Amino acid sequence: MTHTPREIATTVALGLPAVLGAGVFAGFAPAAALAGWWSLPALALSAAAALCCAYSTAGQSRALPDAAGGYGYVRAQLGVLPARVTASAHLLGRCAMAAAIAAMFGAYVVPGQPVLGALALVVATVLLGAAGFRFTTGVSVAVSLLVLGVLALVVAASFSIAPVPSAGETGTAQELIGVAGVLFVAFTGFERVTAPLRGERPHPVAALRVAIPVLIGLSFAVCLAVGAAVLRQLGSVRLALSPAPLRDTLVAADASVLVPLVQIAAAVAGVAALHFVLGSAHRTLTGLTEDGELPARLGPIARTVLVVAATAAAVVVLPPATALGVAACSTLFYYAFTNASARVLLQNDRTWPMRTACLGLGLSVLLAMSTPVPALLVSLAGLGAGTGLISLTASLRRRRAASPPRTPPARTPGRS
C-alpha cells in the first residue's frame, strides 16, 4: 500500500497536540535539577525509547483493533495477571500525567492560585468532552500551529539577547539516564495515532511507517530547541527552581510582552493533552469493566468521575515535579509490558520489526528504574496497590457469580 504526503501530514498533525503538553512546557525544570545541560543529550535516549514504543503499539493496534489499548494487548498475548499490572501502571501514569498537565496550566495561566487553576482545567476539559467536542484534523492542525509558533518565538527571543551570568550549574552526567526517563513524558501521546480509540479510523500502515518517526523526530527537535533556549537564558540553577520555565525565560530575555502568548499556548496545549490523557485512562477502565475485572455497574459516567477524582487527588497531593516523575516511571512500566506483548505478537506478524520491541522493552525497564527515587517508590506502591485491588475485585465478582442464588424459605401450611 502506498501513502501520500497528505496522509502523513494528517497523522502527524493529529498526534502533535497530544504530545506537546507538560513535557515541553515544564519538564526541563526537574530535568535541570538532576542533570543540568546533560538534559539535552538525554532527550535522544527518551526519543529512541518512544520510537520503539510507538512501533509496538502501532503493530498491536493493527492486529487487535478492538482491544483496550496496552491493557488489551497484554491480556491477549501474555495473560491476565500481566494485564492487571499493565492496567495499574497505565492508570497511575495517566492520572499522574493529567495532574502534571493541570499543574503546568496552573503555573502558567493562574500563577496566583495554581492548584485551583489546575483543578479548573480538569473540570473544564471533562465538560468539553462531555459536550461532544473532539480534536478533529482541522482543530489539531490549528492547535499544533499555535503551540509551535509560540515555542518558536520563545526560542528566538532567548537566543536574541545575551543571558545574565548564571550563579553556577547543577546536575551531573551520572543522572543522564534518570533524566531520560523523566523527559520520556515529552513524547508520550503518540498513541493518539498509533492506537486510535474505538470508532476512530485507523491510519494506514504505510503512512504510519513514515508518520511515526516524523512525529517523534519533530517532537525531539522542538524539545531540543526549547531545552537549549531555557537552559541558555536561565542557567540550570534558575531553571531548576522555575515553576514556568518558558515564562521566566521570556522575562529574563526582556520579552515580557510575549508572556500572554505563552499563557495562551499553555492553556491550549494543556486542554489538548489532557483531553487525550483522560480519554486514554477511560479506555483502560472500559476494558477492565468489559473483561469482568471491575464491577459491571461502573458505567461511563462513574469511570469518568473515578479518573477525575484520582487526578484531582494527585494535583493536591503531588508536587508538579513528582507528578511528572510518577507519570514517566509508571508509563515506562506500562510500555515495558506493551513491548513484551509486541515481541510475542511480532514472532508471527512481521509488519513491524521485532527488534524495536526488544529494544523498547529494555529501554523502558532501564529508564523506569532510573527515575528519581520518590517517583519510583510511588510508582511501585501504586502498581502493587492497583494490581491487588483489581485482582480482589475480580475474585469477588467470580465468587458472586459462582454462588447459587438464595431461595426464600418454604412457607409452612396453615401459617400466615
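The values are calculated or read from the model by the stated rules, or taken from the named source; none is laboratory data. Every value quoted in this text rests on a predicted model; they were computed, and no experiment measured them. As a convention, Cβ positions derive from the backbone with ideal geometry for all residues, glycine included, and neighbour counts pool all protein chains shown.
Taking A180, is it within 23 Å of the chain's Cα centre (by Cα), part of a helix (DSSP H, G or I) and either surrounded by fewer than 18 Cβ atoms within 10 Å (Cβ to Cβ) or of a type in the set (S, T, N, Q) (or both)? Taking the combined requirement at face value, the residue does not satisfy it. Take region 63-83 and flag every residue that is more than 11 Å from A340 (Cβ to Cβ) and assigned to a helix (DSSP H, G or I). Within region 63-83, A63, G69, Y71, G72, R75, A76, V80, L81, A83 qualify. Only one entry in A221, A225, A211 is assigned to a helix (DSSP H, G or I), at pLDDT below 95 and either over 30 Å from D248 (Cα atoms) or among the hydrophobic types (A, V, I, L, M, F, W, C) (or both), namely A211. Being in contact with a Ser or Thr (Cβ under 9 Å, 6 or more places away or on another chain), assigned to a helix (DSSP H, G or I) and over 23 Å from L34 (Cβ atoms) is a description that does not apply to A156.
Condition check: over 26 Å from G117 (Cα atoms), of a type in the set (S, T, Y), over 13 Å from the mean Cα position of the chain (by Cα) and surrounded by fewer than 21 Cβ atoms within 10 Å (Cβ to Cβ). Does T322 satisfy that? Taking the combined requirement at face value, the residue does not satisfy it.
Quick one: in region 1-30, which of the residues that are part of a loop (DSSP other than H, G, I, E, B) and buried (at least 24 other Cβ atoms within 10 Å of the Cβ) is farthest from the chain's Cα centre (by Cα)? Top of the filtered list is G27. Which ones in region 280-302 are assigned to a loop (DSSP other than H, G, I, E, B), surrounded by 13 or more Cβ atoms within 10 Å (Cβ to Cβ) and of a type outside the set (D, E)? Selection gives G292, L294, P295, L298. Of all residues in region 240-247, one or more are farther than 22 Å from S46 by Cα and in a helix (DSSP H, G or I). Checking the stated criteria, S160 turns out not to satisfy the condition of being touching a Pro at 6+ places or on another chain (Cβ under 9 Å) and of a type in the set (S, T, Y).
A381 falls short on exactly one of the conditions (1) at pLDDT 95 or above; (2) touching a helix residue (DSSP H, G or I) at 6+ places or on another chain (Cβ under 8 Å), and that condition is (2). Does L40 fit the bill of being in contact with a Gly (Cβ under 8 Å, 6 or more places away or on another chain), within 24 Å of Q174 (Cα to Cα) and surrounded by fewer than 24 Cβ atoms within 10 Å (Cβ to Cβ)? Against the criterion (in contact with a Gly (Cβ under 8 Å, 6 or more places away or on another chain), within 24 Å of Q174 (Cα to Cα) and surrounded by fewer than 24 Cβ atoms within 10 Å (Cβ to Cβ)), L40 qualifies. Scan region 111-128 and give yes if some residue there is farther than 22 Å from G27 by Cβ, out of contact with any Asp or Glu (no Cβ under 7 Å at 6 or more places or on another chain), β-branched (V, I, T) and not in a helix (DSSP H, G or I), otherwise no. No, region 111-128 contains no residue that is farther than 22 Å from G27 by Cβ, out of contact with any Asp or Glu (no Cβ under 7 Å at 6 or more places or on another chain), β-branched (V, I, T) and not in a helix (DSSP H, G or I).
Looking only at residues in region 187-208 that are among the small types (G, A, S) and outside any helix (DSSP H, G or I), the one that is surrounded by the most Cβ atoms within 10 Å (Cβ to Cβ) is A195.
To keep it simple, each residue is scored yes or no on (1) part of a helix (DSSP H, G or I); (2) modelled with pLDDT of 95 or more; (3) over 29 Å from S379 (Cβ atoms).
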residue	(1), (2), (3)
V85	yes, yes, no
H90	yes, yes, no
A99	yes, yes, no
R134	no, no, yes
V141	yes, no, yes
V150	yes, yes, yes
